[in-house]
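The block underneath contains the structure these notes are about, expressed in C-alpha cells.
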Amino acid sequence: MARLHNFSAGPAVLPVPVIDALREALPEFGQARAGLMEISHRSKDFQAVIDAAEARLRSLLGIPKDYAVVFLQGGASMQFYMSALNIAGPTDGIDYIETGTWSSKAIKEGARVCDARVVWSSKATRFDRVPQPGEALAVRDSAVALHYTSNNTVAGTQLQAAPDVAVPLIGDLSSDIGSRAIDVGRHAVIYAGAQKNLGPSGVTAVILSPWAIERSKAADAARPGGLPSMLNYALMAAKGSMFNTPNTLGIFALERVLAWMQDRGGVAFFEQRNKARADALYAVLDGSPFWTPRALPGSRSMMNVTWGIHDPALEPIFVRESDAAGLLALKGHRSMGGLRASLYNALPDAAVEALVDFLGVFEARHG
Ligand code: PMP
C-alpha cells in the first residue's frame, strides 16, 4: 500500500523499514522466544537493544566519551523541570532564550526551582525570529547555564547554531536533533523528545556532561531528603536508564531509526538534504505575494516551515484540499494558526516535491 505524505509535527512520519521491524518484533523478538513488548527490560535481548541505541546515538552525534546518555520518560516537558532541578540550586540562576511556546514552558518550569531569567525574547513579535549569530544575549555573569530551544516547532524558527556564550548550555533539541551537526561538548544537557526525528513518543533522549552529573549529585545532597529518584540525572545515568522499567518498545523503535540514519549516511547526509528541501519550499513561498511565510529570513527552520495565505480565509480550504490530495497534517499549530509543513528526516523527498507541486496548483486555482 502506498503511504500518504505525512507532514505531522510530531508524533511524525517514521521510516518504512522501522515500521517493518516493529511489525516483525511484536509477535516474536529475535531469539527471545516471546514478543518485544513481552520480555523483561533486564533480559539480555533488551539490554542489547538499549546498548545499541546508545552506541548509535553516540556515533551519530559525536557525543564525547565522558558524557552520559539516558532514555527517559515524561517527554521533553519533564526535562523543562528536571534540567533546572539538577543543574541549579534554589539561589542559582539559569538564563533563558525565549523563542517560542516550548521555551516559555521551560522558563515557567525552571522558575519553580531556580532563579530563571529571560535574557532574550521574541514573544512581542509572535516568535517570528531567533537570535542571530553574534547578537548580544546579556547572559548574567552569575548564571550557571543558558537554556535555549534550537528549533521552534510551532513558530517554525531555528537557531543557526548553538548560542555562543561563556556559560554551559542546556539545549532542547526535540525537533531538530539528528538533522544537522551539533557541538555536543559545548552543552551540559541536551534533551530531545524522540517523536520527531528519533522515532516514537514516550522516549526522551538526554545527554549529560560530566559537570551536569556532578551538579545533579550536588543538588541531591543539598536538598532535604534528596532529589526525587525519578528526577535525578545522576541516578538515571548510574542505572543505565533502568532505575525503573523504561519504554522498551519506544527504545527499540528509536534504535531502528538510528540504524536507518546510519545506513543513509548519518547526520551529514540529512543536513545537506534538509537544507535543500527547506530551500525549495521557501523559494516557492517567497516567490509570490499569494503566500506569506511566517518566520523572518535568517531565523527560518529547516524542519518546520510555517506560512499563511494573503487571504487567511483560504487557509482552511488549503488544509481541506491538501488533505484530500493525500498531503496530511499541513494545518498550523492551534496557537499559531496558518499552515505548517514538518520536514523531518524520515519524510521522503517525494513528499516535499508533492507539496511544492500542490502549492502551484492551489495558487493557480485560488490566486
Ligand atoms: N520542546 C519542543 C521543541 C517541542 O517541539 C515539543 C513538542 N512538540 C516539546 C518540547 C514537548 O515535548 P513533549 O510533548 O515530549 O513533552
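Candidates are the residues of segment 157-205 that are charged (D, E, K, R) and farther than 28 Å from Gly332 by Cβ; the one that is farthest from the ligand (Cβ to nearest atom) is Asp164. The test for being at pLDDT below 95, polar (S, T, N, Q) and within 21 Å of Tyr233 (Cα to Cα) does not hold for Thr149. Selection of segment 173-209 for residues being out of contact with any Pro (no Cβ under 7 Å at 6 or more places or on another chain) and in a helix (DSSP H, G or I) yields only Arg186.
Restricting attention to segment 23-66 and to residues that are of a type in the set (A, V, I, L, M), under 22 Å from the mean Cα position of the chain (by Cα) and in a helix (DSSP H, G or I), the residue that is farthest from Gly171 (Cα to Cα) turns out to be Val49. When Val130 is tested against (1) part of a loop (DSSP other than H, G, I, E, B); (2) out of contact with any strand residue (DSSP E or B) (no Cβ under 8 Å at 6 or more places or on another chain); (3) of a type in the set (A, V, I, L, M, F, W, C), exactly one condition is not met: (2).
The C-beta contact set for segment 45-56 (first residue over 20 Å from Glu28 (Cα atoms), second residue outside any helix (DSSP H, G or I), distance under 6 angstrom, 6+ apart or interchain) comprises Glu54/Val69.
Taking (1) buried (at least 18 other Cβ atoms within 10 Å of the Cβ); (2) within 16 Å of the ligand (Cβ to nearest atom); (3) in contact (Cβ under 8 Å) with a residue 40 or more places away in the chain in turn, Ala219 satisfies each apart from (2). Might you let me know whether segment 49-58 holds any residue that is surrounded by fewer than 16 Cβ atoms within 10 Å (Cβ to Cβ), at pLDDT 95 or above and in the same structural domain as Asp164 (by TED's automatic domain parsing)? The answer is yes; a qualifying residue exists.
The values are calculated or read from the model by the stated rules, or taken from the named source; none is laboratory data. Bear in mind the structure is a predicted one, so any value in this text is a computation, not a measurement. Counting neighbours? That spans all protein chains shown, and the Cβs are built from the backbone with ideal geometry, glycine included.
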